[in-house]
Amino acid sequence: MTEMTEITEIQKLYLLLPKSRCKDGCYECCTNIVQFAKEEEERAGEYKYNGVCAFLDANRKCGVYENRPLVCRIYGSSEIMKCGDCEPERYLSEDETRRIIKEYVKIKDMQDKQDKSTEYNLNHLN
């Protein structure tokens with residue numbers, strides 16, 4: 001029997017993004033500082049920025065591709081975040097991009113507040 005896992009709100013946003021394929025050697029989005037929601041960082045692992053993404057391997061391929069955050073997924077598939085080496089099914093309009101990012105930030109902020117509340121409560125139990 002296969003275990004069913006509930007899809008998160010951020011994963012629902014991923015489903016709104018057009019599928020995209022990067023050409024070999026493309027790592028343009030991997031040179032930006034990446035913002036992770038807590039759940040994304042938990043899936044991908046700890047992130048450190050040193051001029052390029054810490055998850056970029058020696059062959060300039062994403063080491064956490066299946067678990068990459070929204071910003072990496074949306075880059076190259078939006079009219080306002082184009083990449084010459086990405087081939088999306090279609091480009092998200094500026095309005096679609098802004099709506100998705102706005103919802104992402106709302107979810108991320110909510111997760112951050114929950115995390116801080118949990119940390120506060122744990123610290124005050126002692």
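What follows is calculated from the coordinates using simple rules that are stated; it is not laboratory data. Because the structure is a prediction, the values reported are computed rather than measured. Reconstructed Cβ throughout: ideal geometry from the backbone, glycine too, with neighbour counts over all protein chains shown.
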Mind listing just one residue for me: the one in the range 57-70 that is surrounded by fewer than 18 Cβ atoms within 10 Å (Cβ to Cβ) and not charged (D, E, K, R) and, of those, nearest to Lys19 (Cα to Cα)? Tyr65
State all residues of the range 46-56 that are under 15 Å from the mean Cα position of the chain (by Cα), surrounded by 12 or more Cβ atoms within 10 Å (Cβ to Cβ) and of a type outside the set (Phe, Trp, Tyr); if no residue qualifies, say none. Cys53, Ala54, Leu56
Being free of Cβ contacts under 8 Å to residues at least 24 places away in the same chain and part of a loop (DSSP other than H, G, I, E, B) is the filter here, so list the residues in the range 23-52 that pass it. Asp24, Ile33, Gly45, Glu46, Tyr47, Lys48, Asn50, Gly51
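Condition check ((1) more than 17 Å from Ile100 (Cα to Cα); (2) touching an Asp or Glu at 6+ places or on another chain (Cβ under 9 Å)) across all residues:
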| site | (1), (2) |
| --- | --- |
| Ile7 | no, no |
| Tyr14 | no, no |
| Leu17 | no, no |
| Ser20 | no, yes |
| Cys30 | yes, no |
| Gln35 | no, no |
| Lys38 | yes, yes |
| Glu42 | yes, no |
Count, please, the residues in the range 71-85 that happen to be surrounded by 15 or more Cβ atoms within 10 Å (Cβ to Cβ) and touching a Phe, Trp or Tyr at 6+ places or on another chain (Cβ under 7 Å). 5
From the set of residues in the range 86-117 that are of a type in the set (Ser, Thr, Tyr) and not in a helix (DSSP H, G or I), which is surrounded by the most Cβ atoms within 10 Å (Cβ to Cβ)? Tyr91
What number of residues within the range 9-22 are loosely packed, with under 14 Cβ neighbours inside 10 Å and not in a loop (DSSP other than H, G, I, E, B)? 2
